[in-house]
Each structure stands twice: as C-alpha cells, then as structure tokens.
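The values are calculated or read from the model by the stated rules, or taken from the named source; none is laboratory data. Being a predicted model, the structure only gives us computed values, none of them experimental. Backbone-built Cβ (ideal geometry, glycine too); neighbour counts: all protein chains shown.
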Amino acid sequence: MNNIDKSTQDVELVEKLNSTVKEIKSEIAKVIVGQHQTIDDLLISLLSRGHCLLVGVPGLAKTLLIKTLAEVLDLSFNRIQFTPDLMPSDITGTEIIEEDQVTKQRSFRFIKGPIFANIILADEINRTPPKTQAALLESMQEHRVTAAGNVYTLQEPFFVLATQNPIEQEGTYPLPEAQLDRFMFNLWLDYPQFDEEVEIIKTTTSNYSPELHKVIDGDSLIKFQDLVRRVPVADNVIEFAVKMVGKTRPVNQNEQNKISEWIQWGAGPRAAQYLILAAKTRSIISGRFTPNIDDVKQSMIPVLRHRIIPNFNAEAEGIGTLDIINELLRS
C-alpha cells in the first residue's frame, strides 16, 4: 500500500479532513455539552474503521451522542434496542414465504434486518443473551451477514456503536471476550463538570431545538479512511505499541514485575493494530503526516481497558484494569 504523497492533492485532502472534523464537532456541540474526549475517540474510531463500546451510568447522553453523530453524518442509521427476548434474526433479518399472484408459486425471500445500515446503535448490548450478541460478530469483523446459506455484504462504511450500563448486573449478560475484542475502543463516560451540567439543564428544560446539518457523506468518509491507512509509521513507533501490548501478557514476561503479577490474560495482536490505527488518525487530524509515541500512549486506555483481565492477586489488592494500564504507562 502506498504511503501519503505530500503532493498538492494529499495535502488538500488532509486539510479537508481537519476542517471536516471541526465541523462535525461543532454540529455535535449544538446538542452534546462537554464529553470532548469521548467525541474525539468516537471520530478516531470512525476514521479507523473501528467499532466503539460506550459504558456509562444512565443519563450521560450515550444514546443521544450516537444519534447526534448519525444525524451529522449523511449515512443510514438504525437503532437496535437489546432485550432478553431479542433473537438473532431480529438483527440480521429473516426469510419469509411469498406467493406469486400469477403463477401461485411460493418462494423464500430474505427480509433484511436493522443490521443493514451504515451506523448501528446497539443500545444496552449486555441485556440480550450471548446467542443474540453473537449475531453481531460476523457483521463487525467481516462486514457481511450469512443467512440461510446466502452471504449478504453490508454497505460501507459500517460502524457499530454499542452502549452498556455498568451499574445493573442482574438480568444482564456480560459480553464474551471474543466479542469485546471486536471493539476498537471501550469508552467510559464520566459525570459532567458543574458548569457543563448547568448548561445541560438550561438547554434541556427549555424549548431549545438545534438544527443539525449534514457534514460528510459515505464516499467522502471512505476516502478519509483510506487516507488514514496510507499514513506512514516509523518502526520505533510500531515496536513501542507491540512492546506495550506484549507487557500485558504474563506468559511472555522475561522477568517478574508488578504488571505480570496482576494480569490473568493480556491483549492480543488486535490491540497493537488498533493502537497504530488510532495513532495514525490522531496525527493526521493534527495535521502531522506521521504519528509519534505520544499518539500511541493517548489511545492505550480505551484500547486496552477491555482486553486485560486482572487476576485474583489484583482483585485482592483492589487493583483494576485502569490501574494496570497506568502502571504500564509509568513503566
């Protein structure tokens, strides 16, 4: 794959990407107050062809943020509300029998499910059983759906945004590690600051109704995604990402340290891939044509948070996944 050519055409494309990102943020800010880091990470994931899992307590505008992003992008959007009785066919689609009115011949016809859209909001994904959760696996990884022996390709770009409530565990089904690994980022939404919450209350308790404008269509987004893939990366940056991911694997430790004593299972190669893709996107959004190690560090928490499983020693010491990642950054 060719790297970015610092010709007039590529430079103009980088400038257009930067202006487009600013416009998207400006439109989202009409509805969402604060959450700047989360919005940045969402856009980085979108440009990297990744999927996002948003975790936060009720009322932090997780669903509203995703719906607003979908309105700003000129892409098809479907929301799937995950419930305990949701079936895989409710997501992927189902076959029905149709009868021809002239010949009276009956045949099966596939009715596409809500998964056939550019942006999918999987709301409260942990409220449905693993059998239904698994219906997303092929779509997220292969961007296609297999039903009744037929393969249906999803329209590009394809982006899954899932939300999850960390408080209520009764009646929920934690996502298996295999499915968690499909998500590029695991984003935790924090409570708003005092000034931000005041602004939220002012706008949501009045008749304020913002008018959102479409900023980018699917074809332009695909061009930006291809641009990100062409960003060159120095070997030392790639080696740093691989080294950091390797340190999360206790079986690969050459010497004992705090981190190896806290981890039961570490991150796989997909983590290093996403660290580099995120670093590429951060650099190109900032107007730089190649990422550095700091770009990798900025994405370590959302990339590694759901890929590290602490062991009993860590739990006994009150050490969580975030503590392990911070220790990894300090080391």
For the range 133-153 the number of residues that are under 15 Å from the mean Cα position of the chain (by Cα) and in a loop (DSSP other than H, G, I, E, B) is 1
Within the range 52-60, identify whether any single residue is over 20 Å from ASN186 (Cα atoms) and surrounded by 12 or more Cβ atoms within 10 Å (Cβ to Cβ), and answer yes or no.
-> no
Would you point out the residue of the range 235-280, among those that are over 25 Å from the mean Cα position of the chain (by Cα) and at pLDDT 90 or above, that is farthest from PHE312 (Cα to Cα)?
-> ASP235
Considering residues that are of a type in the set (Ser, Thr, Tyr) and closer than 19 Å to THR63 by Cα, the number found within the range 159-185 is 2
LEU64 vs (1) among the aliphatic types (A, V, I, L, M); (2) out of contact with any Gly (no Cβ under 9 Å at 6 or more places or on another chain); (3) buried (at least 16 other Cβ atoms within 10 Å of the Cβ): all pass except (3)
Is there a residue in the range 200-216 that is within 29 Å of ASN118 (Cα to Cα), free of Cβ contacts under 8 Å to residues at least 12 places away in the same chain and small (Gly, Ala, Ser)?
-> yes
Residue match in the range 306-324 (condition: touching a residue at least 12 places away in the same chain (Cβ under 8 Å), under 23 Å from GLU239 (Cβ atoms) and in a helix (DSSP H, G or I)) = yes
Would you call GLU156 acidic (Asp, Glu), assigned to a strand (DSSP E or B), over 22 Å from ALA61 (Cα atoms) and touching a residue at least 24 places away in the same chain (Cβ under 8 Å)?
-> no
Among the residues of the range 186-200, is any over 21 Å from the mean Cα position of the chain (by Cα) and within 17 Å of THR63 (Cβ to Cβ)?
-> yes
Checked PRO302, PRO232 against criteria (touching a residue at least 12 places away in the same chain (Cβ under 8 Å), of a type outside the set (Gly, Ala, Ser) and either touching a His at 6+ places or on another chain (Cβ under 9 Å) or not in a helix (DSSP H, G or I) (or both)); the one match is PRO232
Is the range 162-183 home to any residue that is over 13 Å from the mean Cα position of the chain (by Cα), assigned to a strand (DSSP E or B) and within 21 Å of ILE80 (Cβ to Cβ)?
-> no
Please work out which one of (1) among the aliphatic types (A, V, I, L, M); (2) more than 30 Å from PRO84 (Cβ to Cβ); (3) out of contact with any strand residue (DSSP E or B) (no Cβ under 7 Å at 6 or more places or on another chain) is the condition ILE216 fails and give its number.
-> (3)
